[in-house]
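What follows is calculated from the coordinates using simple rules that are stated; it is not laboratory data. Quick caveat, the model's predicted, so the values are computed rather than measured. So basically every Cβ, Gly included, is an ideal-geometry build from the backbone, and we count neighbours across all protein chains shown.
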C-alpha cells in the first residue's frame, strides 16, 4: 500500500546506518519551520486554483506528518498509526449527528456541535478557558481572529457590525493620541489594538482577515509592479502625483475601466 511504502521510506531515511545524514540530524524543532512552510504552500496552491500543485503540496505536507510521527516513534512516544487512530476517534466524537444517530441539522448547528465537543475535550484536559489551546504559533492576524471568535461564543461581542466598526474608529483615535505623545511603545501598542479591532470587524462581515489581507497584498504587488514598470520606462524618479496617477490606471485596468 502507498502509505506503508511511505512509512518504510521514512524509516529508511532515519536508519542510523544507511539513512540520510540530513534527515538523521533533524528534530521536532528543526523541521517545524518546514511544516509551516508546506502548510502555506498548500494554501497558496488553493488560492491559485492549481490542483496539480495542490496534489504535490499535499504530498509534501503529508511527509511532514510522517516525519514528526517517525521522530515520536523513535522516542517511544507514539507512532503514525496512533496519530491516525486518534484522528479517527476525534472525528467520530465530534460528528454525533453522523455517527451517533443524532439530528443532522444545518451547517451552523453542526459547527456548534463541533465546538461543544472541543469544549468538552478541553475540560477533560483540565483546560477551562475558551482561550485555551489557541496556538501561539499561528500567524498573528489569524490568531487574533480565532481569539475573537472564541470570545464571541461566550457572549463577549457586539450584537451587530456597528459596534465593531465603532471600536475600529476608537482605536484609530487612540493611535492618533499615541502619535501625539510620541512614545514609540505606545504607538506600537495602539496600532496592535487597531489591527485586532479590524479582525473583529471582519468577523462580523464573515470575512477571513488573513485571506483578505493576502488578497490585498497581492493587489498591492500587482499594481505596484505596473507603477514600477511605468517609472522604469520614464527613466527614473518622477513626482508622487504621477506615481499616484499610474496607480489609479492599474486599479482602473483591474476593474475593466481602461
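Largest mean-square fluctuation among 236, 126, 163, in a Gaussian network model of the chain whose springs join Cα atoms under 10 Å apart, belongs to 236.
Quick one: divide the alpha-carbon radius of gyration of the chain by 2.2 N^0.38 Å and tell me what you get. Kindly include the intermediate steps, with their values, before the conclusion.
Working: Rg = 24.3 Å, N = 258, 2.2 N^0.38 = 18.1 Å.
That ratio works out to 1.34.
Over the residues of segment 134-207, compute the C-alpha Rg and express it relative to 2.2 N^0.38 Å.
For segment 134-207, the normalised Cα radius of gyration comes out at 1.16.
Placing a label point 7 Å from the Cα of residue 93 along the Cα-to-Cβ line, the residues of segment 120-159 whose backbone N sits under 14 Å from it are 120-127. Taken along its principal axes, the alpha carbon cloud of segment 176-241 reaches lengths of 42, 36, 17 Å, longest axis first.
I need the fraction of alpha carbon pairs in segment 211-255 separated by more than 17 Å, rounded to a whole percent. Intermediate results must be reported in sequence, preceding the final value.
On the way: 324 of 990 pairs.
Of all Cα-Cα pairs in segment 211-255, 33 percent lie more than 17 Å apart.
Between the beta carbons of residue 215 and residue 185, assuming R0 = 45 Å, the FRET efficiency works out to 0.90 to the nearest 0.05. What residue among 224, 34, 67 shows peak mean-square fluctuation when the chain is described by a Gaussian network model with Cα springs under 10 Å? Evaluated over the chain, the most mobile residue of the options is 224. Take the alpha carbon gyration tensor of segment 2-93, find the square roots of its eigenvalues, order them as a ≥ b ≥ c, and report rounded if a/c is under 1.5; if not, report prolate when a/b exceeds b/c, else oblate. Verdict is oblate for segment 2-93. With R₀ set to 30 Å, the beta-carbon distance separating residue 133 from residue 158 gives a calculated FRET efficiency near 0.75. From its DSSP helices (H runs of at least four residues, each -39,500 (n - 2.57)), the chain gives a residue-normalised ellipticity at 222 nm of -25000 deg cm²/dmol.
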